[in-house]
Structure formats: structure tokens, C-alpha cells
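Structure, as C-alpha cells:
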Ligand SMILES: [Zn+2]
């Protein structure tokens, strides 16, 4: 199957230029002026931009959490991702206590295999380290899973101590794997949560007040220092605040091999949203912060202190006592109402996988905060490089997978739950005006999204192995 995309304006992380693009056998076969190809289906992209499919390295599909499960699975989450211009994501295969890493991978394979539409990979979430698990880490790297995630928060649940973190870093450094951390001081946060609940402070606002930015800044600095000592590359997930940005920037300035991401929601929401009557909709960890932190995050993605903008997509229904309709059938699962009357019981996580690129297009590029090339770097190319996928994915180059998105810079839509494909009952960006949207989305040359039409087929997305010893950007 061949597709010839004519007359478009191609955008990469470094260049913007007019060219035609020939997709053949799942790859980009040719890039050039005035291309023609017998038997190719022609798509006229005049007046449109042509971008690499976006990559989201931080998602949680069908994740058990807080007495329920995140409401998008590997089908609905992939459909939503594709409508937002995302054609590859990396989910977290979470090790259960006592489990081998390979068993966690097998559990995630069962969730994904029959449902996947876009391509995907896994990070391994390590929660229970011992000698056998340490020895399994190099095998995982060789098997195409070269990134490990550890939690410095969620005490008595996912949290690991510094011994575990440091030993993992030493092992990862030796074998070319990347360590990722959720950086918050879980011990201090646990005390603050207990104090708040004892004092009767139970509203969603207290979710943020019990997770202060100092706790994130401290844990980030600690992880940076341990990585520097271990000689290990480090990637800090979902950075939300100036104090954490500063810790990463300091490490980088001192020669530590540290990187980080933020998520699109942290640019746009603050503790004020948690004070709304529907504040539970905005509960995620680390929490949404302040306008000053938002400004620091924009500066950090512009100056290269942070290299990727992901989503931490982990949706829940706002009101799980009522079914929603999904593809013509009722869907119902417990959601944020589990925390009615106690902020500490609200499932942590937000729906963002579809929203990310359109929101960044309109409110990042459209408002002059980042350039179009920076959008491609932050949303597509940098994550491919950091996570061992480049140049197979993340760019427009001959030989790369034909993951290609045609954007209409003039197409307008009022964003919201009714226009969304995320399987939940609310949208964070309800009522926001969007100018600039994907109109055709190809995954390995196959058209998944054509305007408002969905052409994706469950089970066609491929798990994609990634390389060890990826560069530090
Ligand atoms: Zn996460």
C-alpha cells in the first residue's frame, strides 16, 4: 500500500520546508519535490502541515488504582491518542510485590495485545527489588524495555527507599538503561496527609496543600544527586514546579546526565481549580501548582531544561455512579466519587492523551510560547531519542516508520467532553477554543483517522522494542 502526500509543509524538530512524502510498506520511502508514484493513493496537503506522529512516554491505560481502574484501555486510549495526533506511547508495566519483571510484562501484554491500535512500548515500574530482580534488569534491556520507573512517593504502597533507587541506578548505568523517578518526598507527604485528615481538612484543595513543592524539589534534587554519584542517566517524570526545574537545571549545569518532562496540564491549571466544586477532576500527583510554576515550566521547555511534554494520562470518571455511552454501549466504572468527603481517597489521574497536541498547538505555538519546531522536538523527536526509538519513530526521514499526521492550522473546534474520544465523562479543557487540528493520522502508513472518521482496528498496534544506551539530551 502506497500513499503520496503532496504539497504539504513538513515540520521536523529543526526544519520547516515544502515537500512531498511517499509512504510505502509502512515506511517513509521518499521525501522530495514533485514526487509521483504509480498506484499510490494521493492526498493533497496544500495549506496543511505534515508532522511526525507524536509520542507520549507517560500513560497508564487500564491501571488498577485506589479501588478502581483507569477508564481508558489499550483500545479506547489508543483511539483517543490517534485523534489527538499521537501514534506511539509508552505505558508502565507495574511489578506487583513478589513478582518477576517478566511476569509484569506478560500481564501488560494481555491488556494490550488484542486492543492496541497505535504502536506502544513499556517502562518497567519497580516496586519490589531483590537480587533476582536486579539480575533481571539487564535482560529486560536486551528484550527491548530499556527504562525503569521508581516511585519516591506513595508510602506503604509503591514507594521505594533510597537504597533501592541507588542500587537500581548502579545496575542501570552498567547496562545502558534509563532510570525514571516520580520525585516527591513520600515520607513527609504521608505525615502531612495524616495531619490534614485529623484536622478535618478533607476537600480536594488539601490534595495540593499536603504535597508542597518543596517535597517535589527535595526529592528531585536527591534523585539528581544519586544519579550523579551512580553515573546513571536519570529522567524525572511529570515535573510540576520551579523548585524541581531548578534541581534538574543545577544537575545538568554540574554535568549530571539528568533530564525531565512536564505534562500539558501543569501549564494550564493551578490549586485554584482544586477549590472549584468539581475540584476532584483536577486531582493528580504531583498536584497542579501556581501561575509562577506554570511560567517556570514554559521557560524550562524553551531553554532545554526539560525535554518532553507528556500527559501522565490516567483517566477516571468524575461520577462513576452513572454510565456513559462509549461506541454505542454503556460503560461504567467507579471514579472520582470514591473520594467524596476525603481528598486522600480520590483516584489520582487525569484524561489528557488526546488533548495534549491540540492544546499545545493552540496554546503553546498559537500563543507564541513555543515554536512549531519546538513542538515537534518536545512532542515527537526528543522522546524518541531519549527512549531508544530514534530514528524509527519521532521524525520525518526516509526509512522511518510512516507515522505521519496532517494538521490543518485553520480547523477550529470548541474542545470538550462531547468532542473527545477519551473514555470518561469530563474534559479538563471544556469550552476551550482550538485552532489547528489533525485531519489525517497515519500509523505505519495506515490511515487511522480521517477527519472525524475512525478507521483504526483493534489488535493492529504493535509492541515495539527499544534500544539500550540511548543518548542523554
Ligand atoms: Zn504516571
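Cβ-Cβ distance below 6 Å, separation of 6 or more or different chains: which pairs start in the range 210-228 with a residue that is closer than 17 Å to residue 297 by Cβ and end on one that is at pLDDT 95 or above and in a helix (DSSP H, G or I)?
If the second residue must be at pLDDT 95 or above and in a helix (DSSP H, G or I), the pairs left are 211/189; 213/243; 216/244; 217/243; 217/244; 217/247; 220/244; 220/247.
When you go through 117, 179 one by one, which is the residue that is away from the ligand (no atom under 16 Å from the Cβ) and either surrounded by fewer than 23 Cβ atoms within 10 Å (Cβ to Cβ) or at pLDDT 95 or above (or both)?
The conditions single out 117.
Being away from the ligand (no atom under 16 Å from the Cβ) and within 30 Å of residue 462 (Cα to Cα) narrows it down to one residue among 204, 212, 146; which is it?
Numbers: 204 fails: within 30 Å of residue 462 (Cα to Cα); 212 fails: within 30 Å of residue 462 (Cα to Cα).
Going through 204, 212, 146 in turn, just one is away from the ligand (no atom under 16 Å from the Cβ) and within 30 Å of residue 462 (Cα to Cα): 146.
Kindly establish whether residue 292 is in the same structural domain as residue 374 (by TED's automatic domain parsing), touching a residue at least 24 places away in the same chain (Cβ under 8 Å) and either away from the ligand (no atom under 16 Å from the Cβ) or closer than 30 Å to residue 226 by Cα (or both).
So residue 292 fits the description; yes.
Search the range 231-246 for residues that are more than 24 Å from residue 172 (Cβ to Cβ) and pair each with any residue that is within 15 Å of the ligand (Cβ to nearest atom) and in a helix (DSSP H, G or I) when their beta-carbon atoms are under 6 Å apart and the residues are at least 6 apart or on different chains.
240/266; 241/216
Quick grid of which residues meet (1) touching a helix residue (DSSP H, G or I) at 6+ places or on another chain (Cβ under 6 Å); (2) buried (at least 17 other Cβ atoms within 10 Å of the Cβ); (3) closer than 22 Å to residue 354 by Cβ:
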site	(1), (2), (3)
295	no, no, no
299	no, no, no
302	no, no, no
311	yes, yes, yes
318	yes, yes, yes
337	no, yes, no
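Sort out which residues of the range 46-62 are surrounded by fewer than 20 Cβ atoms within 10 Å (Cβ to Cβ) and under 30 Å from residue 124 (Cβ atoms), and write them in order of number.
The one that is surrounded by fewer than 20 Cβ atoms within 10 Å (Cβ to Cβ) and under 30 Å from residue 124 (Cβ atoms): 62.
Out of 410, 421, report the one residue that is closer than 30 Å to residue 28 by Cα, in a loop (DSSP other than H, G, I, E, B) and not assigned by TED's automatic domain parsing to the domain that holds residue 69.
On the way: 410 fails: in a loop (DSSP other than H, G, I, E, B).
Going through 410, 421 in turn, just one is closer than 30 Å to residue 28 by Cα, in a loop (DSSP other than H, G, I, E, B) and not assigned by TED's automatic domain parsing to the domain that holds residue 69: 421.
Every residue, every condition in (1) under 30 Å from residue 107 (Cβ atoms); (2) in contact with a strand residue (DSSP E or B) (Cβ under 7 Å, 6 or more places away or on another chain); (3) modelled with pLDDT under 95, yes or no:
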{"site": "10", "(1), (2), (3)": "no, yes, no"}
{"site": "15", "(1), (2), (3)": "no, no, no"}
{"site": "18", "(1), (2), (3)": "no, yes, no"}
{"site": "22", "(1), (2), (3)": "no, yes, no"}
{"site": "44", "(1), (2), (3)": "no, yes, no"}
{"site": "50", "(1), (2), (3)": "no, yes, no"}
{"site": "57", "(1), (2), (3)": "yes, yes, no"}
{"site": "62", "(1), (2), (3)": "yes, yes, no"}
{"site": "73", "(1), (2), (3)": "yes, no, no"}
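Is at least one residue of the range 401-414 in contact with a helix residue (DSSP H, G or I) (Cβ under 7 Å, 6 or more places away or on another chain) and over 17 Å from residue 10 (Cβ atoms)?
yes
Within the range 427-443, is there a residue that is under 30 Å from residue 280 (Cα atoms) and without any contact (Cβ under 8 Å) to a residue 40 or more places away in the chain?
The answer is yes, given that some residue of the range 427-443 is under 30 Å from residue 280 (Cα atoms) and without any contact (Cβ under 8 Å) to a residue 40 or more places away in the chain.
Kindly evaluate residue 323 against the criterion of being surrounded by fewer than 17 Cβ atoms within 10 Å (Cβ to Cβ), assigned by TED's automatic domain parsing to the domain that holds residue 263 and modelled with pLDDT of 95 or more.
On the way: surrounded by fewer than 17 Cβ atoms within 10 Å (Cβ to Cβ): yes; assigned by TED's automatic domain parsing to the domain that holds residue 263: yes; modelled with pLDDT of 95 or more: yes.
It is true that residue 323 is surrounded by fewer than 17 Cβ atoms within 10 Å (Cβ to Cβ), assigned by TED's automatic domain parsing to the domain that holds residue 263 and modelled with pLDDT of 95 or more.
Out of 281, 243, report the one residue that is assigned to a helix (DSSP H, G or I), touching a helix residue (DSSP H, G or I) at 6+ places or on another chain (Cβ under 9 Å) and either under 19 Å from residue 182 (Cβ atoms) or within 16 Å of the ligand (Cβ to nearest atom) (or both).
243
Being more than 16 Å from the ligand (Cβ to nearest atom) and at pLDDT 95 or above narrows it down to one residue among 369, 356; which is it?
The match here is 369.
Restricting the search to the range 46-62, which residues are part of a loop (DSSP other than H, G, I, E, B) and within 16 Å of the ligand (Cβ to nearest atom)?
If the condition is that a residue be part of a loop (DSSP other than H, G, I, E, B) and within 16 Å of the ligand (Cβ to nearest atom), then 60, 61, 62 are the ones that fit.
When you check residue 227 against the structure, is it more than 16 Å from the ligand (Cβ to nearest atom), in contact with a strand residue (DSSP E or B) (Cβ under 7 Å, 6 or more places away or on another chain), farther than 21 Å from residue 130 by Cβ and in a helix (DSSP H, G or I), yes or no?
The answer is yes for residue 227.
Quick one: in the range 63-73, which of the residues that are part of a loop (DSSP other than H, G, I, E, B) and within 16 Å of the ligand (Cβ to nearest atom) is surrounded by the fewest Cβ atoms within 10 Å (Cβ to Cβ)?
Result: 66.
Which ones in the range 28-45 are buried (at least 16 other Cβ atoms within 10 Å of the Cβ) and assigned to a strand (DSSP E or B)?
Residues satisfying the conditions are 28, 29, 31, 43.
Take the residues in the range 76-102 that are assigned to a loop (DSSP other than H, G, I, E, B) and closer than 30 Å to residue 409 by Cβ, then tell me which one is farthest from the ligand (Cβ to nearest atom).
85
Listed here are the residues, each with its yes/no results for (1) more than 30 Å from residue 140 (Cβ to Cβ); (2) touching a strand residue (DSSP E or B) at 6+ places or on another chain (Cβ under 9 Å).
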position: 234; (1), (2): no, yes
position: 257; (1), (2): no, yes
position: 274; (1), (2): yes, no
position: 297; (1), (2): yes, yes
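Which of the residues belonging to the range 182-201 are surrounded by fewer than 20 Cβ atoms within 10 Å (Cβ to Cβ) and within 16 Å of the ligand (Cβ to nearest atom)?
none
The values are calculated or read from the model by the stated rules, or taken from the named source; none is laboratory data. It should be emphasised that the depicted structure is a prediction, and the values quoted were computed from it without experimental measurement. FYI the Cβ positions are ideal-geometry reconstructions off the backbone, even for glycines, and counts take in every protein chain you see.
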